[in-house]
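Right, one structure below, let's go through it.
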């Protein structure tokens, strides 16, 4: 392409940046048209999630918590915003440079879209690349012909001579194209929302359990401000998974396939699952990424069908030793076959008296007591496969995590918080402890270098849930270090030796510093 009149540095940077906004908006709009299509930003973000080394994944969770995916998308957009002006400078004379850049942008999106998708999944990325290149090609001659602002002239210069484009026109055009890109992006999200399963969830009336659990005993909740409640509200229950966008599966369209090393593979729909009979179970779930004192743990009352009911119907091959749960988006977890029979293990459809929230697996998910979520708690469940550990590695195993991951005995201080300033005098130290399938028998607290003192335990809700505890404390002025440890129902004391979450969960005693001020 022949060179045109050179564009000023600022105009060139703005031109390509605006073109990038239009490209992203086009990709988002196209991605919202068909449920299986993915915008280039979404496709690239999902590819990053799948290919990130374990260290980077842990950093994201540690730094951003449940906002890790939002941070990833924002990071991609920030990179685009930084690259676009640089690309504009390279295209001051020849817009070809920017065209090549947008072709590369589209190509990256295409490659990411084809990873696990169909060829049609790449349509939004192709459209985005073409849109960005088209804006550059059409606008570059106009911007190059723009009348320069004379040195020392005010920003609102006189009208441009006939045949020339003035600064006002350039700014208006840039603003209009930017607005167009933003509107297309918002429109794509709005159009894509028609695929939401929210209406299906809202219409679902949960069936009753065959033997409903009684209300928790009054003594199971200590009622201390700042202490985690016995049941974690659905709205604040932690969410850690690999899904950049929440899979949308209406209950009326959902099916579960049971196959693999079984005598009689079968597939059932939601109504048939419900007809098998519901049970309730109180189970605390824990993420393997939870750090000492972390909040990637929560307790809920679940409603579902025992997984063993489905396995018995299928007839499990005696040589099978692993259950693989596969999400509708392809994610896999894997856990020992014995866990379906020796503990609570549900295909759950309800959480704390409501249908599963969309972000927690609606319409059905696995809930397994005593195993970290990454091996046992598949959300948006679509398949149950029976296999062997020596034949199949679930999603996280090649990334350095353990194939078998029983939850460790852990305890946490909720009150006071680390770094908190408290008043001298009578106060309380309180928290929760968990050792799913074994229960908590004792919690002890150490203040500074003193001996461990046994705390008061709330009444146990069950062996599969956390247990609240408290210890009265007469706080004296100064800085104090608090530490906690638990003993599980089998008599094993929480280990003091610290370990990182990789490969099979954090370990060690939580300790924290608080400052006590004179009253």
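Computed from the coordinates by the stated procedures, all read-outs in this text should not be read as laboratory data. Everything numeric here is computed off the predicted structure, so don't read it as measured data. Methodologically, a virtual Cβ is constructed for each residue, glycine included, from the backbone with ideal geometry; neighbour enumeration extends over all protein chains shown.
How many residues are surrounded by 16 or more Cβ atoms within 10 Å (Cβ to Cβ) and free of Cβ contacts under 8 Å to residues at least 60 places away in the same chain if we restrict to the stretch 42-67?
Count: 3.
If I go through the stretch 249-265 residue by residue, how many of them are assigned to a loop (DSSP other than H, G, I, E, B) and surrounded by fewer than 20 Cβ atoms within 10 Å (Cβ to Cβ)?
Matching residues across the stretch 249-265 total 4.
Failed condition for residue 92, given (1) in a helix (DSSP H, G or I); (2) surrounded by 15 or more Cβ atoms within 10 Å (Cβ to Cβ), with all others met?
For residue 92, the failing item is (1).
Can you name every residue in the stretch 74-85 that is exposed (fewer than 15 other Cβ atoms within 10 Å of the Cβ) and in contact (Cβ under 8 Å) with a residue 60 or more places away in the chain?
81
Considering only the stretch 266-295, how many residues are surrounded by 21 or more Cβ atoms within 10 Å (Cβ to Cβ), in contact with a strand residue (DSSP E or B) (Cβ under 9 Å, 6 or more places away or on another chain) and in a loop (DSSP other than H, G, I, E, B)?
Here the count works out to 2.
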